[in-house]
1. Pull out all pairs, ordered by first then second residue, where Cβ-Cβ is under 8 Å, the residues are six or more apart or on different chains, the first lies in the range B:76-94 and is over 19 Å from A:ALA9 (Cβ atoms) and facing chain A (nearest Cβ under 10 Å), and the second is part of a loop (DSSP other than H, G, I, E, B) and among the β-branched types (Val, Ile, Thr).
2. When the range A:1-44 is examined, which residues are found to be aromatic (Phe, Trp, Tyr) and more than 13 Å from A:ALA80 (Cα to Cα)?
3. Go through the range B:81-95 and report how many residues are at pLDDT 85 or above and not charged (D, E, K, R).
4. Among the listed residues A:GLY51, A:GLY46, A:GLY93, A:GLY38, which satisfies the condition of being part of a loop (DSSP other than H, G, I, E, B) and more than 23 Å from B:THR6 (Cα to Cα)?
5. Could we say that A:ARG34 is under 23 Å from B:LEU108 (Cα atoms) and at pLDDT below 95 here?
6. Can you name every residue in the range B:2-14 that is surrounded by fewer than 18 Cβ atoms within 10 Å (Cβ to Cβ) and within 11 Å of chain A (Cβ to nearest Cβ)?
7. Of (1) at the interface with another protein chain (Cβ under 10 Å from one of its Cβ atoms); (2) among the aliphatic types (A, V, I, L, M); (3) over 30 Å from B:ALA17 (Cα atoms), A:LEU53 satisfies all except one. Which?
8. Condition check: part of a helix (DSSP H, G or I), at pLDDT below 95 and not acidic (Asp, Glu). Does B:ALA12 satisfy that?
Protein chains: 2
Amino acid sequence: MISQTTEYALRAVVWLAANPEKPLTAQQIAEATRVPAGYLAKVLQGLSRAGLLHSQRGLGGGFTLARSPNSLTMWEVVQAVDPLKRIHECPLGFEAHGADLCPLHRQLDDAIAGIEKAFTNCKISKLIDTSDGSSPLCAYHPKGTTGRGAKRAKR
Amino acid sequence: MISQTTEYALRAVVWLAANPEKPLTAQQIAEATRVPAGYLAKVLQGLSRAGLLHSQRGLGGGFTLARSPNSLTMWEVVQAVDPLKRIHECPLGFEAHGADLCPLHRQLDDAIAGIEKAFTNCKISKLIDTSDGSSPLCAYHPKGTTGRGAKRAKR
């Protein structure tokens with residue numbers, strides 16, 4: 001339902017949100033999120049192009065979130081990398097039909113609308129909120145990471 | 001979100017449910033549902049293998065629904081051709097983590113669970129119910145079809 005690319009993008013965004021102290025390299029993010037490095041590099045490029053990440057070259061460089069986790073939503077991340085498309089008109093191409101979908105496509109669009117609503121209401125900050133004892137991305141603790149996720153993992 | 005294959009399978013199932021009088025050939029279903037014939041042939045094979053369609057060779061042969069539209073659900077069709085997978089354990093593979101998903105994967109699984117619930121509650125009969133004035137698959141009217149969809153289109 002959610003593509004592999006989107007799922008990897010969400011992992012990367014969540015990890016960057018949880019570890020905002022300094023830029024993280026693609027390799028560090030790949031290790032933490034357990035995504036193949038080559039695949040993740042393309043995902044990070046896509047997120048950068050969409051304006052969701054800043055990338056900084058050179059020593060000490062890497063990726064940081066370009067948006068506050070308090071304002072960035074899951075839906076925005078999904079739509080930036082592999083958009084879910086609402087069904088606005090008959091996919092069979094019947095022009096007379098217009099915006100009045102048949103029952104099948106109404107059901108399908110309702111399902112996508114439900115996802116849109118849930119993900120629009122879910123800020124990235126919620127995904128790194130540990131007040132209920134949970135940890136972003138399972139409290140993975142990569143070497144050399146000093147972010148919040150790492151601290152939690154050390155407990 | 002719903003794959004092309006799944007969407008085509010749903011179109012075929014809805015069309016067969018709306019036109020139960022006699023077997024329909026792959027070509028007839030392809031025309032009615034506006035799906036490329038080669039693609040649809042594979043989709044119909046998948047639905048037959050999953051036990052959702054009967055296929056009958058020879059003159060007068062074709063496909064019919066193997067299940068009553070009153071008992072078959074959208075979810076069963078989706079799961080027969082291109083299953084949506086619930087997230088039962090950490091996709092990052094942290095064993096200690098078990099079934100306690102992190103907030104990201106909890107959100108993603110909740111989204112899939114929502115689709116599962118909606119589609120499980122939606123029988124195929126609901127998708128051909130015309131009591132509210134709608135028509136299955138936009139009242140398409142293929143030549144030679146005498147089913148309910150065709151009758152509606154003639155009005």
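The values are calculated or read from the model by the stated rules, or taken from the named source; none is laboratory data. Owing to the predicted nature of the structure, the values given are computational and were not obtained by experimental measurement. Reconstructed Cβ throughout: ideal geometry from the backbone, glycine too, with neighbour counts over all protein chains shown.
1. Here the result reads B:VAL78/B:ILE2, each pair linking the range B:76-94 to a residue that is part of a loop (DSSP other than H, G, I, E, B) and among the β-branched types (Val, Ile, Thr).
2. Keep residues of the range A:1-44 that are aromatic (Phe, Trp, Tyr), which gives A:8, A:15, A:39.
Selection gives A:TRP15, A:TYR39.
3. Of the residues in the range B:81-95, the ones at pLDDT 85 or above are B:81-88.
Then drop every residue that is not not charged (D, E, K, R), which leaves B:81, B:83-84, B:87-88.
Residues flagged as at pLDDT 85 or above and not charged (D, E, K, R) within the range B:81-95 amount to 5.
4. Values: A:GLY46 fails: part of a loop (DSSP other than H, G, I, E, B); A:GLY93 fails: more than 23 Å from B:THR6 (Cα to Cα); A:GLY38 fails: part of a loop (DSSP other than H, G, I, E, B).
Being part of a loop (DSSP other than H, G, I, E, B) and more than 23 Å from B:THR6 (Cα to Cα) holds for just one of A:GLY51, A:GLY46, A:GLY93, A:GLY38, which is A:GLY51.
5. In short, yes.
6. Taking the range B:2-14 first, the residues surrounded by fewer than 18 Cβ atoms within 10 Å (Cβ to Cβ) are B:3-5.
Correct list: B:SER3, B:GLN4.
7. The one condition A:LEU53 does not meet is (1).
8. Working: part of a helix (DSSP H, G or I): yes; at pLDDT below 95: no; not acidic (Asp, Glu): yes.
In short, no.
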